1. How high is the relative contact order of the chain, in percent, counting Cα pairs under 8 Å that sit 6 or more residues apart?
2. With a Förster radius of 25 Å, plug the Cβ-Cβ distance of Leu189 and Lys67 into 1/(1 + (r/R0)^6) and report the FRET value to the nearest 0.05.
3. Output the 0 to 90 degree angle, nearest 10, between the alpha-carbon long axis of helix 17-36 and the longest principal axis computed from the alpha carbons of the chain.
4. Counting Lys and Arg as +1 and Asp and Glu as -1, each charge on the Cβ, what is the dipole of the stretch 103-254 about the Cα centre in debye, to the nearest 20?
5. Treating the beta-carbon of each Lys and Arg as +1 and of each Asp and Glu as -1, no other charges, what is the dipole magnitude of the chain about its Cα centre, to the nearest 20 debye?
6. Viscosity 1.002 mPa s, temperature 20 °C: Stokes-Einstein D of the stretch 1-131 from its Kirkwood Cα radius, in µm² per second?
7. If you stretched the chain out fully between Ile40 and Gln86, how much longer would it get, using 0.36 nm times the residue separation minus the C-alpha to C-alpha distance?
8. When the helices in the chain are scored as -39500 (n - 2.57) per DSSP H run of 4 or longer and the sum is shared across all residues, what 222 nm value do you end up with, to the nearest 500 deg cm²/dmol?
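Bear in mind that the values in this text are calculations on the coordinates, not laboratory data. Fair warning: this is a prediction, and the values are worked out from it, not measured in the lab. For neighbour counting, all protein chains shown are included, and Cβ atoms are generated from backbone atoms with ideal geometry for every residue, glycine included.
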Amino acid sequence: MTLLISSTPTFARDIDGKAISAKVLDEVREEVLALAGQQIYPALAVLLVGDDPASHVYVRNKLLRAKEVGIRSLEYRLPETASQAQVLELIAQLNADPTVNGILVQLPLPAPIDEQAVIHAIDPIKDVDGFHRENVGGLVQGIEVLTPCTPSGCMRLLHETCGDDLSGLHAVVIGRSNIVGKPMATLLLQANCSVSVVHSRSVDAPALCRLADIVVAAVGRPALIDASWLKPGAVVIDVGINRITSEFGNRLVGDVDYASARTVASAITPVPGGVGPMTIAYLLKNTLIASRLQRAAQARGQQPEDDLALN
Ligand code: NAP
């Protein structure tokens, strides 16, 4: 594929996350069908604790998409008052169930449940969010593991936009969270980009950002990044999802000022309709990867939980 980054852009074209995620879901559907031919039926367990309205919407969408591609999904709900022990007990049951390939615990969890304790109770080979420390370590070492869904989705958007080879491009990731910024920077490094990570203590973030061929914004600040932060022709991936209220009502905006940035960038993800749909698509991809890793571990006669450690 040809590299599309240009130094003389006009207006940026949109990177269509809906269309690209549909392509990913088609790939998943095809693989699910092929596995069914071998009597293999990958299953995803989703655990929702409490009454957070946004979490309910996210879980509903995940289950809906799973059903659409033929992945068996199991929904578990615990009340807001559930104890950490109850959550851990359910995870232990799901870890031990060989018919469950992926376990997702919808975050945030109600206080006082310790999220880290819950994440690290999930068998790493079933950790389809890719947040377990074994998966984080494996990602850094370049071992095939379960990788966080949003950064994986962003990489796919970049490959669809810039081509297979990102070697030598300078990528700036704005934000260093464990779920987006850090794994994103690691994936870009593995794709042979030169990577800078900008965060709240960075000095002159706009100047650092202006050096970038690729900008990935994962900050959580509405419209922080405008045209003045961008090198002409940069490709911009906006991970941010910020709900703002104006005279026109509630709406979602990204971390990038879309109208301003598209006068300088060569390609940009809109919000909504950019990164958002990719996250669920890669959750379902991860469920298939988890199923494959578990079958490989079984074939080698290992307990699934030993597999990542031995890789
Ligand atoms: P987070 O944990 O709050 O991390 C935000 C990061 O931004 C931090 O590393 C912080 O730096 C940095 N930051 C804050 N202000 C900054 C500034 N002025 N300049 C440069 N860096 C700054 O957020 P997150 O979980 O990564 O999420 C980021 C955004 O992505 C949110 O809007 C979230 O809703 C969205 N998101 C979307 C998806 C999706 O599927 N589309 C998935 C996940 C998250 P410090 O580390 O120095 O504090």
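1. Values: 625 pairs, mean separation 72.8, N = 311.
Over the chain, the number comes to 23 percent.
2. Values: r = 36 Å, r/R0 = 1.43.
So, using R0 = 25 Å, E works out to roughly 0.10.
3. 30 degrees
4. On the way: 11 positive and 15 negative charges, 84 e Å.
Using only the charged Cβ atoms, the result is roughly 400 debye.
5. Working: 26 positive and 33 negative charges, 90 e Å.
Computed about the Cα centre, the dipole is about 440 debye.
6. Details: Rh = 17.0 Å.
After rounding, the answer is 126 µm²/s.
7. Numbers: separation 46, 0.36 × 46 = 16.56 nm, distance 3.01 nm.
Net length gain for the segment: 13.6 nm.
8. Numbers: 11 runs with 128 residues, N = 311.
When only DSSP H runs of four or more count, the value is -12500 deg cm²/dmol.
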